[in-house]
Amino acid sequence: MTQDPRPVAASELSGRGRRGVDVPDGRGRTGLDSAGRGLAGNPGVVFRDVEVTSDGWHVLRRTTFDLRRRDGTWETQQRETYDRGDGATLLPYDDERGTVLLTRQFRYPAYANGHPDGMLLEAAAGLLDADDPETAVRREASEELGVELGEVEHLFDLFMSPGSVTERVHFCAAPYTPSARTGDGGGVVEEGEDIEVVELALTDALQMCRDGRICDGKTVVLLQWAAQQHHEGAGQRRTSARSGSSGVARRS
């Protein structure tokens, strides 16, 4: 369905239905104001109202709720949340060569907030849409990196900006080899993607985290995970060598 890029403020909607609430928005959605209303896991939070303030490709809401503070008093608060769905990200690694695969692409928000050129080095990532995390990262690896993955390992799930963004990101890693390349990657042109595939030594990528050349949160997390795995694997190999064992250290 064609995206309707025009954000619609709630003040525009009186008298003709509310887009995304009781009439379809540009993506055919209704009921967007129901998010959060049924939550009952925290007795210290009581919802009062959920207002859809913008219904572009993703959804901006203003939620009013009562919050019980630690001293027992109640306080009414409002929070805006940006709902873009959940996502998944992936670090492909080659243990034999000590390399990882990343992407480089233009990110306007980073450029607008002080990044020198907006061209960020990142781990491949994408929204789940209707897929499970493994299916999503395999899709993104094919589209963005042009690589067919080995066994995908699910690492952990993190909220990357919990103060305002609802998205939970599923972090994954998977081995790859040079022979696993199935295409040029580069992303989906029809979706405006123009992605460069970048292969780096893990040691170089970690140095780039330290000096700021890699400044994307999800990517730093994945590279630190890889560094920890490398360190633990090296420790196991040293222990095996001292004990005379011929066993090969395996990734846990």
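Going residue by residue through the range 109-124, is there one that turns out to be surrounded by 14 or more Cβ atoms within 10 Å (Cβ to Cβ), of a type in the set (Phe, Trp, Tyr) and at pLDDT 95 or above? Yes, some residue in the range 109-124 is surrounded by 14 or more Cβ atoms within 10 Å (Cβ to Cβ), of a type in the set (Phe, Trp, Tyr) and at pLDDT 95 or above. If the condition is being at pLDDT below 85, out of contact with any helix residue (DSSP H, G or I) (no Cβ under 9 Å at 6 or more places or on another chain) and not small (Gly, Ala, Ser), then the range 10-30 contributes GLU12, LEU13, ARG16, ARG27. As a summary of the residue check, SER161 satisfies the conditions (1) within 19 Å of the chain's Cα centre (by Cα); (2) open to solvent by 30 Å² or more (accessible area, probe 1.4 Å); (3) in contact (Cβ under 8 Å) with a residue 12 or more places away in the chain; (4) over 20 Å from GLN105 (Cα atoms) except for the one numbered (3). Can you name every residue in the range 183-202 that is part of a helix (DSSP H, G or I) and loosely packed, with under 12 Cβ neighbours inside 10 Å? Residues satisfying the conditions are VAL189, GLU190, GLU191. Tally time: how many residues in the range 203-216 are assigned to a loop (DSSP other than H, G, I, E, B) and surrounded by 12 or more Cβ atoms within 10 Å (Cβ to Cβ)? Summing the residues that are assigned to a loop (DSSP other than H, G, I, E, B) and surrounded by 12 or more Cβ atoms within 10 Å (Cβ to Cβ) in the range 203-216 gives 4. Of everything listed in (1) farther than 12 Å from PRO92 by Cα; (2) open to solvent by less than 70 Å² (accessible area, probe 1.4 Å); (3) in contact with a Cys (Cβ under 8 Å, 6 or more places away or on another chain); (4) among the charged types (D, E, K, R), the single unmet condition for GLU153 is (1).
So that you can scan it fast, the table gives a plain yes or no per residue for (1) on the phi > 0 side of the Ramachandran plot; (2) not in a loop (DSSP other than H, G, I, E, B):
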residue: GLY17; (1), (2): yes, no
residue: VAL21; (1), (2): no, no
residue: ASP25; (1), (2): no, no
residue: GLY28; (1), (2): yes, no
residue: ASP33; (1), (2): no, yes
residue: ALA40; (1), (2): no, no
residue: GLU51; (1), (2): no, yes
residue: TRP57; (1), (2): no, no
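Looking for something over 30 Å from THR64 (Cβ atoms), under 16 Å from the mean Cα position of the chain (by Cα) and not in a loop (DSSP other than H, G, I, E, B) - is there at least one such residue anywhere in the range 164-171? Looking through the range 164-171, at least one residue is over 30 Å from THR64 (Cβ atoms), under 16 Å from the mean Cα position of the chain (by Cα) and not in a loop (DSSP other than H, G, I, E, B).
As a summary of the residue check, ASP129 satisfies the conditions (1) more than 30 Å from ARG62 (Cα to Cα); (2) charged (D, E, K, R); (3) not in a helix (DSSP H, G or I) except for the one numbered (1).
Of all residues assigned to the range 87-109, at least one qualifies as being in a helix (DSSP H, G or I) and of a type outside the set (Val, Ile, Thr). Go through (1) modelled with pLDDT of 95 or more; (2) under 19 Å from the mean Cα position of the chain (by Cα); (3) more than 19 Å from CYS172 (Cβ to Cβ) and name the single condition VAL220 misses. Single failed check for VAL220: (3). When the criteria are applied in full, GLU80 meets the requirement of being closer than 26 Å to GLY26 by Cβ, open to solvent by 60 Å² or more (accessible area, probe 1.4 Å), touching a strand residue (DSSP E or B) at 6+ places or on another chain (Cβ under 9 Å) and modelled with pLDDT of 95 or more.
The values are calculated or read from the model by the stated rules, or taken from the named source; none is laboratory data. Predicted model only: the values in this text are computed from it and were never measured. Reconstructed Cβ throughout: ideal geometry from the backbone, glycine too, with neighbour counts over all protein chains shown. To get the accessible areas, we keep the full protein, side chains included, count just its heavy atoms, and leave off ligands, DNA and RNA. Shrake-Rupley method; radii C 1.70, N 1.55, O 1.52, S 1.80 Å.
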